[in-house]
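The values are calculated or read from the model by the stated rules, or taken from the named source; none is laboratory data. Fair warning: this is a prediction, and the values are worked out from it, not measured in the lab. All Cβ positions, even for glycine, are placed from backbone atoms using ideal geometry, and neighbour counts span all protein chains on display. Ligands, DNA and RNA are stripped out before the accessible areas are found, and what is left, the full protein with its side chains, is counted by its heavy atoms. Shrake-Rupley method; radii C 1.70, N 1.55, O 1.52, S 1.80 Å.
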Amino acid sequence: MARMTTDSPSGAAQPALTPQEALKRAAARAALDELVDGTIVGVGTGSTVNHFIDVLAERQTRYRGAVSSSEASTRRMQALGIPVFDLNEVVDNGWPIPVYVDGADELNCDLEMIKGGGGALTREKIVAAAADRFICIVDRSKLVDMLGQFPLPVEVIPMARASIAARLRELGAQVTEREGFVTDNGNRILDAAGLRIERPAQLERAMNDWAGVVTVGLFAIKAADVALIATPEGVERRSRALD
Ligand code: 5RP
């Protein structure tokens, strides 16, 4: 179970932001306090992470650079002058990645997540696995009692699309292929709606074994270590019981 403390957002929201974007910005800004000076930061993908990239760009003296989880995040960081390193170079050199910061489509009380709404789930899982701690930044709309209301994204090798869709239907899902979408890795995304995911890590392990599945958008075997959940009252920090 998660332990809860409450922090105030460390910066004011910009006036032009909608209330929901202001919450995302507050969560993103709170993540700056989790960074380790002088190191590489892992950076996720999505609209909440875009806010994180923007606030990160204001703190360039404090970190060495970033490892990116998508072409979109790489472009945004490079446009703002943030050095983006190749993950292989970082690992080969033994440079630590103490923190990976990313959003989520759903987050439960054990800090397990559904991710992949933006289709970047494979690289997100790779960078998250290379980092010491996963910091999840969300607004409170992402909190759920049980994962599965958000359709579960599954990245598949194109020739396995029909067989994976059939297996998902056997689990009771309504499956749609994401129209016209090709991942950064050249694969397709199936979205599986209507699953009640009572044991996320068990389902993630099972689906990892399906031939043709590249990545399932469950992040439960390695859940978030810290969640920064923005509410109108402030940013709530939850961490897994181990720390
Ligand atoms: C992209 C993701 C995103 O983290 C997730 O979709 C949340 O995005 P947003 O911050 O835009 O709500 O997993 O693949």
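Going through the range 201-225 one residue at a time, which ones are outside any loop (DSSP other than H, G, I, E, B) and either within 15 Å of the ligand (Cβ to nearest atom) or at pLDDT below 95 (or both)?
Of everything in the range 201-225, those that are outside any loop (DSSP other than H, G, I, E, B) and either within 15 Å of the ligand (Cβ to nearest atom) or at pLDDT below 95 (or both) turn out to be 204, 214, 215, 216, 218, 219.
Among the candidates 34, 21, single out the residue that is at pLDDT 50 or above and under 14 Å from residue 231 (Cα atoms).
Residue meeting the stated conditions: 21.
Between a residue in the range 35-55 that is of a type outside the set (Gly, Ala, Ser) and any residue that is near the ligand (Cβ under 8 Å from one of its atoms) and open to solvent by 30 Å² or more (accessible area, probe 1.4 Å), which pairs come within a Cβ distance under 6 Å, given they are 6 or more apart or on different chains?
These pairs meet every condition: 45/118.
Would you check which residues across the range 37-63 are surrounded by 14 or more Cβ atoms within 10 Å (Cβ to Cβ), part of a loop (DSSP other than H, G, I, E, B) and modelled with pLDDT under 95 and list them?
Selection gives 63 alone.
If you go through the range 141-178 one residue at a time, how many are in contact (Cβ under 8 Å) with a residue 12 or more places away in the chain and more than 30 Å from residue 231 (Cβ to Cβ)?
Number of matching residues: 21.
Residues of the range 166-200 being open to solvent by 50 Å² or more (accessible area, probe 1.4 Å) and not in a loop (DSSP other than H, G, I, E, B), which ones?
Selection gives 167, 169, 170, 174, 176, 177, 188.
Looking at (1) free of Cβ contacts under 8 Å to residues at least 12 places away in the same chain; (2) within 21 Å of residue 200 (Cα to Cα), which is the only condition residue 103 fails?
(1)
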